[in-house]
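Contents: one structure, followed by commentary.
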Amino acid sequence: MIRTLLALALALAPAALHAGAPLAPNADDLLVQRGRMLIAREHGEVLRHVFRKDGFGGPASNLIAGSMLSDAPELVAEARAKMTVEPQGRGLWLLRFPYVNVAVIETRRGVVVFDTGYAAIGPVLVETIPTLTAKPVTHIVVSHIHNDHAYGWPALKRRWPRAKTIASDLFPAMAAREVRLGGIIGRLNNQKIETWPTTPDRLPRPDIMFRDHLALTIDGERFDLFHAPGETEEQVWMAMPARRAIFTADYFQGFLPNAGNGKRILRHVDEWAAALRAMAALKPARLLPMHGAAMDDPARIAEALGITAEALEYVSAETVRRLNAGERRDAIAAHFAWPERFAASPLLDPQYNRPEDISRMVSLRWTGWWDGLPSHFAALRFEDEAAEALRMAGGLDAVDRRARELLARDPRLAARLADWAYFGAPGDPRALRLTVDVYLARLAEEGMPLQESTIYLEHAARARARLAAIEAGDDTDQKTGNGSRP
């Protein structure tokens, strides 16, 4: 308890200075928005490729994707229209929405809801649950703080105010961080910054909190809840022994787990794998994930949990082995051997992140932020390095030529040169054109993971909008700067 209170105090203290202050798009946000519109109009085929697997295991929705914290009527209508209700046995349903699922469990006298989805899902749950059963919602389990899992909670709580909310005892501290870090988390989540909460009022408030394991009996039926750091520090999963069912939150996703996300708070690869092993040890007959399709074949479930755990364990062990052998982190990730049994498994499709991204998350956790290059220990603006690189190369034209030569055979290196151009010659149309061309080509690469794609799309959009401003004779955008967020 002392640990939880201390973490909460540390998270809340700085936020108190800004509590309630509205967030608003800055100049760079607006620049990227304009650039996205231009690229969508000019390069629709690239965008279709980028978002080929945008649904995160379910249907996609351009309307909802960037507004998961809003419950505007048009978003609620979209969530309602794209929802499917899948019976999963007596008194058990999986409600599938764009990007995420919600589980509904009927007990003898009430309803338990596992996860609440994003904000627009809340009103749809309030409408839909009474069509499944006349019983009231008595318990709401919130697996973790992410915006596609926690923000449907207010609507449920308004409709069933006596419902008890269950979460890890680390949840309040994580909720406080959502508020404190709203600007950066919102932007890195590609959300409309004006929808991000500036107070904890819209976030779940747990009535029942636990550490490690909670055995809860509801209407004579046992619910086992387990805390295990994974995507977030406070994440939980649930088992119902009598029904041989497990509710996997974000531990199991049906593709290579999103454990190496370079734009999120630290992820816990070892504990994630251990949670999957613990699930498999229960020998479940039904797996209800919060992303993707349910499973009801015990053998298939065991295989899915096992190979996913094995893959995470392999990344962790191989990364640590090579770190201990004295290899640099960048070399480990750049030449990361991925066994064929993993590469061939559809359950480990790297549609969202790559194995080497997970390796970099492991390295970051155990070795800090320094990458092993001596000059990188002292802070230096990349703009300064890029400007000097352009001078050494003989100017922007030379770098432009070389980057375009490299693009077909070594696109990663071409992109590094394009970054030298963009940051070393800010405002030069040649640098902006090179940036757009290189990153649009990268976006079109076969098998490009979605998370990497969103980074490249944002940067190409920024460059395209700045180029349009120059061509229109307006250099205002050149003065906004983006050195703090490339």
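Report the far tail of the P(r) of region 167-260, meaning the percent of Cα-Cα pairs longer than 19 Å.
53
Lys and Arg at +1, Asp and Glu at -1: add these up for the other residues within a Cβ distance under 14 Å of residue 296 and post the number.
Counting the neighbours of residue 296, the net charge comes to +3.
Can you say what percent of the DSSP beta bridges in the chain, counting only those with both residues inside, are antiparallel? Round to 5.
Roughly 65 percent of the beta bridges in the chain run antiparallel, per DSSP.
Give, as a single signed number, the net charge of other residues whose beta carbon lies under 9 Å from the beta carbon of residue 118, with Lys and Arg counted +1 and Asp and Glu -1.
Every neighbour counted, the sum reads -2.
Put one equal scatterer on each alpha carbon of region 263-369, apply the Debye formula with no solvent term, and list log10 I(q)/I(0) at q = 0.11, 0.12, 0.21 1/Å to two decimals.
Those come out to -0.38, -0.45, -1.16, one per q.
Give, to the nearest whole percent, the P(r) tail of region 400-463 beyond 16 angstrom, counting all Cα pairs.
Within region 400-463, distances greater than 16 Å cover 37 percent of Cα pairs.
Starting from the Kirkwood Rh over alpha-carbon pairs, what translational D in µm² s⁻¹ does region 59-177 have by Stokes-Einstein at 37 °C and 0.692 mPa s?
230
Compute the relative contact order of the chain as a whole-number percentage, counting only Cα pairs closer than 8 Å that sit 6 or more residues apart in sequence.
15
Per the Kirkwood formula on distinct C-alpha pairs, the Rh of region 198-307 is how many angstrom?
14.9
Let a ≥ b ≥ c be the square roots of the eigenvalues of the Cα gyration tensor of region 151-191; is it rounded (a/c under 1.5), or, if not, prolate (a/b larger than b/c) or oblate?
It is oblate, given that a/c is not under 1.5 and a/b is not larger than b/c.
For a Förster distance of 22 Å, can you work out the FRET efficiency between the beta-carbons of residue 60 and residue 282, rounded to the nearest 0.05?
After rounding to 0.05, the efficiency reads 0.10.
Among 160, 143, 229, whose Cα projects farthest towards the positive end of the dipole of region 81-236, with charges put on the beta-carbon of Lys, Arg (+1) and Asp, Glu (-1)?
The listed residue farthest towards the positive side: 160.
Compute the Cα gyration tensor for region 126-226, then decide on rounded, prolate or oblate, letting a ≥ b ≥ c be the square roots of its eigenvalues: rounded whenever a/c is under 1.5, prolate when a/b is larger than b/c in the other cases, and oblate in all that remain.
Verdict is oblate for region 126-226.
Once the Cβ-Cβ distance between residue 388 and residue 328 is put in as r, and R0 is 22 Å, what FRET efficiency do you end up with, to the nearest 0.05?
So, using R0 = 22 Å, E works out to roughly 0.45.
Lys and Arg at +1, Asp and Glu at -1: add these up for the other residues within a Cβ distance under 12 Å of residue 391 and post the number.
Every neighbour counted, the sum reads -3.
Using alpha carbon centroids, what distance separates region 315-330 and region 77-100, in Å?
Each part's Cα centre sits 42 Å from the other's.
How would you rank 305, 225, going from fewest to most other Cβ atoms within 10 Å of each one's own Cβ?
225, 305
Considering region 102-163, what Rg and Dmax in Å follow from its alpha-carbon atoms?
According to the Cα coordinates of region 102-163, Rg and Dmax are 10.4, 31 Å.
Using the Kirkwood formula on the Cα atoms of region 316-369, what hydrodynamic radius do you get, in angstrom to one decimal?
Roughly 11.7 Å, rounded to one decimal.
Hey, what angle do you get for helix 2-15 against the long axis of the chain, alpha-carbon based, 0 to 90 degrees rounded to 10?
50
Using the Cα atoms of region 339-475, I'd like the radius of gyration and the largest Cα-Cα distance, Dmax, both in angstrom.
Every Cα atom of region 339-475 included, Rg and Dmax give 17.3, 55 Å.
Can you give the log10 of the normalised intensity I(q)/I(0) at q = 0.20, 0.22 Å⁻¹, computed with Debye over equal Cα scatterers of region 20-100?
So the normalised log intensities work out to -1.07, -1.15.
Which shape class, rounded, prolate or oblate, goes with region 167-209 when its Cα gyration tensor gives a ≥ b ≥ c as root eigenvalues, a/c under 1.5 marks rounded, and past that a/b bigger than b/c marks prolate?
Prolate shape, in that a/c is at least 1.5 and a/b is the bigger ratio.
Subtracting the Cα-Cα distance from 0.36 nm times the residue separation, let me have the gained length for residue 303 to residue 49 in nm, one decimal.
Value of the extension gain: 88.4 nm.
How long is the gain from residue 296 to residue 207 if the chain were fully straight, where each residue apart is worth 0.36 nm and the alpha carbon distance is subtracted?
So the chain would gain 28.9 nm between residue 296 and residue 207.
If you count, for each residue, the other Cβ atoms within 10 Å and average over each peptide, how do 442-455, 244-257, 169-182 line up from highest to lowest?
Most protected by this proxy first, the peptides run 244-257, 169-182, 442-455.
log₁₀ I(q)/I(0) of the chain at q = 0.08 Å⁻¹, via Debye over equal Cα point scatterers, no solvent, to two decimals?
Debye curve over Cα of the chain, log10 I(q)/I(0) at q = 0.08 Å⁻¹: -0.52.
Every number here is computed from the coordinates shown, using simple stated rules; none is lab data. In this text the structure is predicted, and so the values were computed from the model without any measurement. With ideal geometry, Cβ positions are generated from the backbone for all residues, glycine too; neighbour counts draw on all protein chains shown.
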